[in-house]
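Readers should treat all values here as calculations from the given coordinates under stated rules, not as data from a laboratory. Note that the structure is a prediction, hence the values are computed from the model and not measured. Cβ placement follows ideal geometry from the backbone for every residue including glycine, while neighbour counts extend to all protein chains displayed.
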Amino acid sequence: MRRGIQSHLILGCVAIVLLLTGCSTWWEVADSTPQVLASAPYQQPNGAWEVTLSVADMPGGGLAGILVQEGGFVFTNIDEDSIYASGLNGFLVTAQDFSAPSPSGVLAAVHPAAGITAGKVLKLSFRAKGTGTPAVSIQSSKLVLSSDEGTIIEQ
Amino acid sequence: MRFRIKRVLVSLAILVAVISGAQGAEYIDSFDDAPFAGNPTNFTTGEASRGLSYAGANCDFGYSAGNKNVNALALVFPGEASITITSRAGGSFVFKSLYLDTLQAATISGTGDQPFTINVGAGSTGTFSPTAGDRIVNQVQIATVDPHPDFDIIFDTVTVDLAAPEIDIEGNATSIEDGDNSPVATDHTHFGNIVVGESFDRTFTIQNEGDAELTLDGDPIVGLTGSGDFSVETQPAADSIDDGGADLTFVVRCTPSGTGDRTATVSIDNNDSNEHPYTFDVRATGAVPEIDVQGDGVSIADGDDTPDPVDDTDFGDSDILGESVGHTFTIHNTGNAELTLTDPSPFVTIEGDGAGDFEITTVPDSSIDPAGSTTFVVEFDPSVEGDREATISIASDDADEDPYTFDIIGTGTVAPQIDILGNSQIIPNGDTTPDAADDTDFGQHDIAGGTQTHTFTIQNTGSGELTLDGDPLAEVTGPAAGDFDISLEPVSPVTAVDGETTFEITFNPSALGDREASISVANDADKDPYTFDILGQGTSAPEMDIQGTGQSIPSGDITPAAIDDTDFGDTHVDGATETHTFTIENTGSAQLNLTNGDPLVVVEGDHAIDFTVVQQPAAAIAASRGTTTFDVRFDPSETGLRTATLRIANDDGDENPYTFAIQGTGVFPSQSGAPVFVSQAATATTGDASAVTHSTARVEGTVNPGNTSTTVTFEFGPANGSAPSSNADPYPFVAVAEQSPVDGTGILTVHAFLQNLQMDCVYQYRVVAKNTNGVCYGARKTFKTHSLERGDLNADYMIDLLDIRICAQIATGYLVANDQVLTQADFDDDGDVDLEDVQRLSAYVLGIEGGEE
């Protein structure tokens, strides 16, 4: 299946996302493994919703790349056509596709200059659909992370 | 009120009691003291009228039994009637017959029971009911049965029921008394309040409750006198009502020409005997509505253009992103007529330049009773900074204040609003309870170099730009301020409406225990300065590491290898030994203690007897990379593989005991009995290549060192054809075997890793064994390096996230690559590596449109 591409450049830092939910919860991990957290969905004055992703304890010089493969995203009560990902703190979103009728989105983002051990890395903007609370989650099995040292970070 | 009029017209017939008697004539002249003859007499129904008598010659009774006739003069029955004749004295007689004749003297003879008997006794009656029509009783014949009555018989009662009309008028199904001059609402004679100029109708009903036709003989039938504000809108449909006939109605209208009471009298001429004419008063009150609007209990003048907080017309200041401000206004009706708001819902309109910033959130009632009120709420929610003005307009049926208008005003303001977040959680200003949940607790870290960096976000949720005006912008203070470093400063100003900037704090404890500090961010918002406490703990602990030949041996290692000396190799069983030295290093910040006692290093396992710790380490190893060593000697007692495990108890928090496996191989010195320690030239056999990539390969061979220390290398170079060139070095490169130097007499397998090879190239290689007795070259062999797929920038035969990152580094100038990699990275073949290549490579990896076809 072929779909359209959107891409963006933003300078800043790096982060790793292991699991993102709309409930603003910690994803419990063992010591020295990457920690991933997501903000609760928050609404902008214009009605749009946002979720910010942050990481901590990134090994290998910090997070330098993130890849969410097909089936990695799960959206609930969200208008998929409105989803837009942007990098934070230097992350460059090199490819993204959340367009319907895709069952989920795909995304690639890297930090060209450095790795980030802890900090914000991505922001997802979207509009809610229906009356329920919007929620976003990422399946860790569909998530690939790389470090500044050029290695795949094991989850 | 009803009256039944009994009209008894009695023109007394002469009643002649004929008293028959055998002797002598009886007379009956004692009927009355004042007899009259021939004159009609009026009676009221039910009254006992005495005085019936007789007169005239025809009334002279003879003294004899039998019938006597009495001629009536004029007993007129205008309608159906009955006549009752009562014997007052109670004398017994026979009322033999009653003759009724018409004016034409047609005798009605034999009507009724003839004769009927009136028994002796008071109250005895006899009743006769003639038919309808005017009649005259002109003769009554009375017969007695006693020819000699010796008592008086007085017929003293004549009762007559006559038909007559009876008028009654009702309003609201309630009878209105004739002559009523006190109008009330219950019978609709009082019309209530009527707006001046408007009309209001009341319907009244005329009934005939009598048993004769009621005639309405006025012209007009219903007349009015008094206030000219009343009129008869509809006259009765007929001028009479038959006995039992249908009711008639008429409608009276009132149209007040002014305020106050308006009164008139209704009059209806008719043939009711005692309610003629039938009159009653009607009344109404002229009324008007009157609007008044109040804010906070203060009346706001119609047309007021000077908004004032006193009457709530000035809404004051409100942040353009803050909560709206609501003011309640009350509409009073001070008039005596219902006030109607005439605009469509919400009945109140807001006009003017700032109208969009005001909204009617609570709608008033559209109708307000006299002396009543209703309220409406106006919400002020400014969209921009500055004064916002509008005009409230209320259209109504108030005669002189339509529409009722007044101006309102509010002021939109802007202001920054600061919050600081850690781990996406808001850290309350002034927070003194550091918590890992919001990243203000940095946790435990070793004082020997352990660091932790947390990122905090300054968020401006206000409507105005936020300025951080401290120097530095984020300042660390407190007893352990030196252990916290602002490793990334925030940026000021921060844009309004969810603008944000981040700063980083790195914790690097200099001492043990709790390390506390405070963060202060001076700013121009309402929380200035924004402060919160942070906390970290400095810790100290030993960290054990054991190395062999400088290679770290992980605790728990069960794979002995020569590279870290855990594999002692082949050792003769005839008394030869092999001793390896291992180093214990303490990389922690606290002293490391070996805790097993004597011995500190314990050998365990099936073949522990073949391994001896010939030199024990020191029991205490200093912090910060202090070291000690111990020696293990391998002395195989039998041939074959010999294994054991070393166990070292210690106080490392997570590596106690530290264990690793060791092994060695016991071999016989010689099977032939010949001298075994003869130095010989080595032999070498080139083996196969494996693990070939685009730039590396693993090559193997076997070597017999000839019981002499032998250096083993692999020579290699591009083949440039099927055979090496005669005038060029065919093996320009050399790689030393991992096992080199080797010694002994057996066949040893050796290998080397070849690196920096050209891709897609045929290489030739051979093993070379060199010792003091000569050089031996293995046979030439070849392999071909692989070619790379486009985009495999790190040449790992996978195109993945790592390649995307490398491509991005090249495109943004962070990485300078060689031509080979540049070619691989130029995904769109345009001669340049740029962001489009990054995007296309990313799309290719994700399998979406935009990747390489």
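The table below gives the values:
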| item | result |
| --- | --- |
| Residue-count net charge about B:Arg780 - beta-carbon cut-off 12 Å; Lys, Arg +1, Asp, Glu -1 | +1 |
| Other-chain or far-sequence residues with amide H under 5 Å of B:Asp317's (modelled H) | B:Thr411 |
| Environment charge at B:Gly372 (Cβ cut-off 11 Å; Lys +1, Arg +1, Asp -1, Glu -1) | -3 |
| Residues whose placed amide H lies under 5 Å from that of B:Glu233, excluding near-sequence neighbours | B:Val251, B:Val252, B:Arg253 |
| Efficiency of FRET between B:Asp729 and A:Glu149 - r from beta-carbon atoms, R0 41 angstrom, step 0.05 | 0.65 |
| Near-label residues of the stretch B:621-658 by backbone N, under 18 Å of a point 7 Å along Cα→Cβ of B:Asp606 | B:635-646 |
| Extension gain from B:Thr595 to B:Asp524, taking 0.36 nm per residue of separation minus the Cα-Cα distance | 19.6 nm |
| Added length on full extension, which subtracts the Cα-Cα distance from 0.36 nm per residue, B:Thr263 to B:Thr629 | 118.8 nm |
| FRET E, pair A:Glu50, B:Asp651, Förster distance 51 Å, beta-carbon r, rounded to 0.05 | 0.55 |
| Built amide H within the under 5 Å cut-off of B:Asn270, gap 5+ | B:Asp217, B:Tyr278 |
| Packing-based order for B:294-307, A:135-148, using average beta carbon neighbours within 10 Å, highest first | A:135-148, B:294-307 |
| Simple spin-label estimate for A:Thr76 and A:Gln43 in nanometres, 7 Å along Cα-Cβ | 1.8 nm |
| The stretch B:291-413, relative contact order [Cα under 8 Å, separation at least 6], % | 33 percent |
| Which of B:Thr629, B:Asn656, B:Ala608, positive extreme of dipole for the stretch B:603-671 (C-beta unit charges) | B:Thr629 |
| Separation of the B:Val310 and B:Asp485 label points, Cα + 7 Å toward Cβ, nm | 6.6 nm |
| Average beta-carbon neighbours from other chains, 10 Å sphere, peptide A:91-99 | 6 |
| Neighbour net charge for A:Ser82 - beta-carbon separation under 11 angstrom, K R +1, D E -1 | -1 |
| Label-point gap, in nm, between B:Thr581 and B:Asn756 - each point 7 angstrom along Cα→Cβ | 3.3 nm |
| Shielding score for A:112-125, defined as the mean number of other chain Cβ atoms within 10 Å | 4 |
| Average other protein chain Cβ within 10 Å of Cβ, residues A:65-73 | 3 |
| Contact order normalised by residue count of the stretch B:801-846, Cα under 8 Å, 6+ apart, percent | 41 percent |
| Gain upon complete extension [B:Val377, B:Ser175; 0.36 nm per residue less C-alpha separation] | 67.8 nm |
| Computed E for B:Thr334/B:Ser199 - FRET, C-beta separation, R0 30 angstrom, nearest 0.05 | 0.80 |
